[in-house]
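First the structure, in the form of structure tokens, and then the observations on it.
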Protein chains: 2
Amino acid sequence: MGSRRPEIPDIVVGRLPIYLRALSRMIQEDKEFTSSHELAERLGISSAQIRKDLSHFGEFGKQGTGYNIAYLHDQIRHILRVDHEWPTAVVGIGDLGHAVANYRGFQARGFRVAALFDADPEKIGEQVAGLPVLAISRLQDEVQRQGIRVAMIATPADQAQVVANLLVQVGVRAILNYAPITLTVPPGVYVQYIDPAAHLQHMTFYLDP
Amino acid sequence: MGSRRPEIPDIVVGRLPIYLRALSRMIQEDKEFTSSHELAERLGISSAQIRKDLSHFGEFGKQGTGYNIAYLHDQIRHILRVDHEWPTAVVGIGDLGHAVANYRGFQARGFRVAALFDADPEKIGEQVAGLPVLAISRLQDEVQRQGIRVAMIATPADQAQVVANLLVQVGVRAILNYAPITLTVPPGVYVQYIDPAAHLQHMTFYLDP
């Protein structure tokens with residue numbers, strides 16, 4: 001990852017959404033200012049790391065008063081390019097695809113589920129989350145019509161690579177893969193994984209055997 | 001996170017499952033040795049970081065030959081305590097819970113979906129992934145009977161905190177939360193989040209606006 005904006009380590013970029021999530025939460029709590037120490041405490045990341053990460057993008061805090069939460073939130077939204085909404089496709093409308101299409105956590109964070117696709121003829125035309133399920137053959141038209149560049153794959157593992165190839169072919173550049181398989185994509189296409197087992201393993205480290 | 005084994009930064013612990021995933025993949029590819037440079041290339045993490053992370057746990061590589069993949073894989077499984085299987089509960093058997101219960105990516109990585117719970121009387125007794133859906137009132141008995149200490153929450157957001165409280169009360173110590181809400185848990189209980197919007201934001205950073 002990271003052929004563009006090469007000066008920022010990808011691992012730093014990956015922490016920005018976590019900071020943004022914490023800042024959103026603070027806004028909900030009606031807080032106005034925060035500090036790298038408070039963020040550190042909430043996130044389990046050192047305050048020095050947080051200051052260093054943010055310093056890649058400018059001067060956001062003031063000695064003494066810390067960070068203005070709303071301002072920092074806006075700036076990170078801008079840096080992550082989620083200050084506008086990305087129309088997003090979901091491919092694979094089984095149980096998981098249904099759940100993804102209905103997920104409430106996208107809208108406030110820069111994404112709108114805008115098109116649903118499935119290979120199963122029985123599912124075509126079904127309404128899910130207010131959208132019709134479309135045939136895969138409609139992918140190109142629909143992606144171009146809506147300017148979709150972000151997609152989520154919720155197919156079985158053995159179909160995920162084929163779907164990824166199709167998505168890349170029609171112009172999708174960012175793929176979130178829910179299937180438990182590693183995808184191969186050409187340079188300039190970004191892939192992230194929903195990997196629940198990795199999260200579980202992170203926690204079992206701390207549990208007594 | 002991290003009241004136990006305080007000497008290891010939690011952010012390092014969080015990368016171990018990523019290394020383990022990459023090593024598993026290399027085993028599937030019949031590779032025998034790897035290097036921090038090869039891992040770095042695959043993962044977008046610097047080789048220096050990888051070496052530093054692993055050095056917290058011992059000496060795994062040899063100058064010249066690099067890491068023996070199977071050995072390093074075994075060691076990390078042991079460190080993460082996934083060299084045995086954790087019976088795992090799923091609470092909330094809607095679309096998402098169905099998908100989680102049927103997910104193929106747990107078994108090889110140290111977790112077995114062992115009990116399913118839902119609050120909806122209509123769902124009780126339904127068979128999902130070979131298991132009966134149980135009433136929430138059965139939580140304590142079943143968690144104790146099976147020695148369950150790991151759970152996943154797949155309920156709607158407005159029920160997730162109540163479910164988390166119940167899970168903690170009956171002895172669960174690691175919770176993976178799929179609901180788009182931040183949970184409050186007492187010290188000694190670990191929470192991780194499935195946060196698809198954060199993954200999408202990580203990628204839109206690299207896309208042209």
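Quick notes on this one:
- Computed extension gain for residue B:165 through residue B:55, at 0.36 nm per residue and net of the alpha carbon distance, reaches 35.9 nm.
- Residue B:135 paired with residue B:31, simple spin-label distance in nm, labels 7 Å along Cα-to-beta-carbon: 5.3 nm
- Distances in nm from residue A:29 to the matching label points in the other copies, shortest first (labels 7 Å along Cα to Cβ): 4.3
- Relative counts (whole %) of C-alpha pair distances in chain A, using bins that are 10 Å wide: 8, 29, 31, 23, 9, 1, 0
- Quotient of Cα Rg and 2.2 N^0.38 Å for region B:1-112, N being how many residues it contains: 1.19
- For residue B:208, inter-copy separations between label points set 7 Å beyond Cα along the Cβ vector come to 5.8 nm, shortest first.
- Reference-scaled alpha-carbon Rg (2.2 N^0.38 Å with N residues) for region A:83-135: 1.11
- Of all chain B residues, the one whose Cβ lies closest to the rotation axis that maps B onto A, given with that distance rounded to whole Å, is B:95, 2.
- Inter-copy label distances at residue B:125 (7 Å, Cα→Cβ; nm, one decimal): 3.5
- Centroid-to-centroid separation of region A:103-159 and region B:39-96 [C-alpha atoms, Å]: 34 Å
- Working value for region B:86-197: equivalent-ellipsoid semi-axes of 18, 16, 15 Å, each the square root of 5 times a Cα gyration tensor eigenvalue, largest first.
- Look at the dipole of region B:86-197 built from charges on Cβ: of B:151, B:110, B:124, the Cα furthest out on the positive end belongs to B:110.
Where a number appears in this text, it was derived from the coordinates with a stated rule and is not lab data. Quick caveat: nothing in here was measured; it's all calculated off a predicted structure. Note: ideal-geometry Cβ built from the backbone for every residue, glycine included; neighbour counts use all protein chains shown.
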